[in-house]
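Trainee: Okay, handing you the structure first.
The values are calculated or read from the model by the stated rules, or taken from the named source; none is laboratory data. Because the structure is a prediction, the values reported are computed rather than measured. Cβ: placed from backbone, ideal geometry, glycine included. Neighbour counts: every protein chain shown.
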Amino acid sequence: MESPFKDILYTNIAPSDSQCQTIRGFLVAPREEISALTDEIVSTQALLEALTQRRAALEELVSAHLALVSPIRRLPADVIQEIFVACLPSGQNSVMSEQDAPLLLCHICRAWRSLAFCMPRLWAALHVAVPSKDDMPAMNEAVNGWLSRSGILPLSISVGAPRRFEYDVSTLLQTLISFSPRWKHIRFMFPIYDSFSPLASLSPADVPILKTLALKGFHWNASTPDPGTLSNHLGFIGTASLRSVSIPAGAPDSTLIPFRWEHLRQLSFRGGAAFIAADVALTILQKCPLLEMLSFSLRAGNVSPAPATLCHMEYLRDLYVFERVPQTSDFFAHIIAPNLAHLEYASLGSDLPFTPMLSSSRFLDGLCLKGSRVPVTSLLDTLALIPTIRRLLLRNEPVILPARTQDPLFISLLNRGTPEAAGILCPNLERIELVNFHAMSDKTLLEFVQARPRLSNVRVRFHRVREIDIIPPLQPVIDEGLEVSLHYQDRARRLRMRVYSPSEALERHDADWMPSPPSDFWS
């Protein structure tokens, strides 16, 4: 609409009295039109809302009918059961959380819930994170209901309690004991030994299929039973079915623990600040000729050099050793392990006392070194002895003596070899993981990776900020399958409040449920 006052619109000019009267008369028609348009808009909006509601109703009708013909509704029950099984966590027990299978599957629909409740396989593995005292009765009832649905299947059960543990779990353990004939893999983690007291009622006959046992969290002290009388407290550990054992080190004489040593395939004496003496460790090895995996927290000690003390471990494939001071070269010299595949050694010192054992280990595939920084020369000499390794993990950067400064060029030395080793070191290397590296530059790492076409996995955790981005130059080999994971120092540190979690103290495990390295380095 054309305004007769367009010349003074949007200005600060004050109209005269006559102009004001004319303006008021001029606005009568626009105001009437605005009112009419408003009524039309209200009517149109009402129509739009009605159409929208009608469309939503039709969409809901269509969706409901399409759901009836959904392919998943027509799947046979056995196929759905396989899907349910695939939803279970791999490498760990199921947790009591509605966010995870199998409980999650029970909240989809009544049919799925009924089907899940009729599948013992879904309920044959359970991890219990001990809750507060007030929540213990409800937890005990839930555990009983869970395991009651497992039918006659062997059970895998783990229970973990927080370190500040001041309440009684005897009722919970009594519930678990009622299922002991089906125990197969058991892991209990309690900070004090007295928490295990309800287990004293069990005998070997009560656990006929128990294969794996892990008792963790406590320390051997004056209040802990003597190993020689442990059968009076935990008599069930003498069952002949037991193949894998994990208990804390530090017992006065671990050789007196009433295991059926000759049957054991996997053995772990680790945990806390306690260690096992080297001579005791050798005695135990002599009693376990079938061991395939061994994990020790070792303490230095005199070992007799008599030939009779040589331990021929024909089946030993995985060896994990931790010691404060590396003074046990005589211990390793007494071990003959021709089929050793994986060696993990951790120490607060800088020596590598396991080298005497390497002469008999012709098939070593992986080496993991953790703890204090090792001299570059010692590490290179050791690597020259094991050209077969395909996996190398270093938890600290090697140092140069005598200053003990980190060697920025160590990784490049692997490509040069040593005078004693022909060609490059570790020629078969496929996976390498470096942690807490600071001096090594990004450029040096890039050159190393580019010179190793056999590499399939590279992981590095730097204790510094990034210098350059090496991913673009590596993109061609990454596209061909190389996996690269780089982490640099994060300056931001956040404090987290502790809250209850159903997965607290949950550990991953392999097929035989024994301790594994902190990463999937060996996989």
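Trainee: Based on what the data block shows, is L126 under 30 Å from D168 (Cα atoms) and in contact with an Asp or Glu (Cβ under 8 Å, 6 or more places away or on another chain)?
Mentor: Criteria not met by L126.
Trainee: Would you confirm whether or not the stretch 162-184 contains a residue that is within 16 Å of V128 (Cα to Cα), in contact with an Asp or Glu (Cβ under 9 Å, 6 or more places away or on another chain), touching a residue at least 60 places away in the same chain (Cβ under 8 Å) and buried (at least 16 other Cβ atoms within 10 Å of the Cβ)?
Mentor: Yes, that holds for at least one residue.
Trainee: Could you tell me which numbered condition I335 fails, if it satisfies all but one of (1) at pLDDT 85 or above; (2) in contact with a helix residue (DSSP H, G or I) (Cβ under 6 Å, 6 or more places away or on another chain); (3) farther than 19 Å from E262 by Cα?
Mentor: If we test I335 against (1) at pLDDT 85 or above; (2) in contact with a helix residue (DSSP H, G or I) (Cβ under 6 Å, 6 or more places away or on another chain); (3) farther than 19 Å from E262 by Cα, just (3) comes out false.
Trainee: Ok, one more. Quickly run through the stretch 260-277 and pick out the residues that are at pLDDT 85 or above and within 20 Å of V321 (Cα to Cα).
Mentor: Passing the criteria: W261, L264, R265, Q266, L267, S268, F269.
Trainee: Give the residues of the stretch 221-259 that are part of a loop (DSSP other than H, G, I, E, B), at pLDDT below 90 and farther than 25 Å from L506 by Cβ, sorted by residue number.
Mentor: Once the filter is applied, which keeps residues that are part of a loop (DSSP other than H, G, I, E, B), at pLDDT below 90 and farther than 25 Å from L506 by Cβ, the stretch 221-259 yields N221, A222, S223, T224, P225, D226, A251, P252, D253, I257, P258.
Trainee: Moving on to the next point. Determine whether the stretch 344-353 contains at least one residue that is in a strand (DSSP E or B) and touching an Asp or Glu at 6+ places or on another chain (Cβ under 7 Å).
Mentor: Among the residues of the stretch 344-353, at least one is in a strand (DSSP E or B) and touching an Asp or Glu at 6+ places or on another chain (Cβ under 7 Å), which makes the answer yes.
Trainee: Okay, next question. Confirm whether A341 is under 24 Å from the mean Cα position of the chain (by Cα), small (G, A, S) and within 23 Å of E397 (Cβ to Cβ).
Mentor: So A341 does not fit the description; no.
Trainee: Sticking with this one: Quick check on my filter: what residues within the stretch 13-23 are part of a helix (DSSP H, G or I) and loosely packed, with under 10 Cβ neighbours inside 10 Å?
Mentor: D17, S18
Trainee: Please determine whether any residue of the stretch 168-183 is in contact with a strand residue (DSSP E or B) (Cβ under 7 Å, 6 or more places away or on another chain) and outside any helix (DSSP H, G or I).
Mentor: Yes, the conditions are met somewhere in the stretch 168-183.
Trainee: Return the pair list, or none, for Cβ contacts closer than 9 Å from residues in the stretch 1-23 that are closer than 18 Å to E33 by Cβ and without any contact (Cβ under 8 Å) to a residue 40 or more places away in the chain to residues that are of a type in the set (A, V, I, L, M) and exposed (fewer than 10 other Cβ atoms within 10 Å of the Cβ), at least 6 apart or on different chains.
Mentor: S3/L9
Trainee: Among the numbered criteria (1) under 60 Å from the mean Cα position of the chain (by Cα); (2) of a type in the set (D, E, K, R); (3) in a helix (DSSP H, G or I), which single criterion is violated by R31?
Mentor: Only one criterion in (1) under 60 Å from the mean Cα position of the chain (by Cα); (2) of a type in the set (D, E, K, R); (3) in a helix (DSSP H, G or I) is unmet by R31, namely (1).
Trainee: Oh, and also: Six or more apart or on different chains, Cβ atoms under 9 Å: show the pairs whose first residue is in the stretch 189-208 and in a loop (DSSP other than H, G, I, E, B) and at pLDDT below 90 and whose second is among the aromatic types (F, W, Y) and buried (at least 18 other Cβ atoms within 10 Å of the Cβ).
Mentor: These pairs meet every condition: F190/F196; F190/F218; P191/F218; I192/F218.
Trainee: Next question, about the same structure. What residue, of V465, V484, V460, V499, is over 22 Å from G91 (Cβ atoms), at pLDDT below 95 and under 24 Å from the mean Cα position of the chain (by Cα)?
Mentor: Step by step, each of V465, V484, V460, V499 is checked, and only V499 is over 22 Å from G91 (Cβ atoms), at pLDDT below 95 and under 24 Å from the mean Cα position of the chain (by Cα).
Trainee: Can you find a residue that is over 30 Å from Y500 (Cα atoms), outside any loop (DSSP other than H, G, I, E, B) and of a type in the set (D, E) anywhere in the stretch 3-12?
Mentor: no
Trainee: Can I ask one more? What do you reckon, is D100 surrounded by fewer than 17 Cβ atoms within 10 Å (Cβ to Cβ) and within 28 Å of V159 (Cβ to Cβ)?
Mentor: Against the criterion (surrounded by fewer than 17 Cβ atoms within 10 Å (Cβ to Cβ) and within 28 Å of V159 (Cβ to Cβ)), D100 qualifies.
Trainee: Additional query: Does S170 satisfy being modelled with pLDDT of 95 or more and polar (S, T, N, Q)?
Mentor: Judged against the criteria, S170 is not a match.
Trainee: Scan the stretch 73-92 and tell me whether some residue there is surrounded by 13 or more Cβ atoms within 10 Å (Cβ to Cβ), polar (S, T, N, Q) and either assigned to a helix (DSSP H, G or I) or at negative phi (or both).
Mentor: Among the residues of the stretch 73-92, at least one is surrounded by 13 or more Cβ atoms within 10 Å (Cβ to Cβ), polar (S, T, N, Q) and either assigned to a helix (DSSP H, G or I) or at negative phi (or both), which makes the answer yes.
Trainee: Just one of (1) at pLDDT 90 or above; (2) part of a helix (DSSP H, G or I); (3) surrounded by fewer than 17 Cβ atoms within 10 Å (Cβ to Cβ) trips up Y315, so point out which.
Mentor: (2)
Trainee: What are the residue pairs meeting all of these: first residue in the stretch 125-136, first residue closer than 26 Å to F84 by Cα and modelled with pLDDT of 90 or more, second residue of a type in the set (F, W, Y) and surrounded by fewer than 16 Cβ atoms within 10 Å (Cβ to Cβ), Cβ atoms under 9 Å, and 6 or more apart or on different chains?
Mentor: A129/Y500
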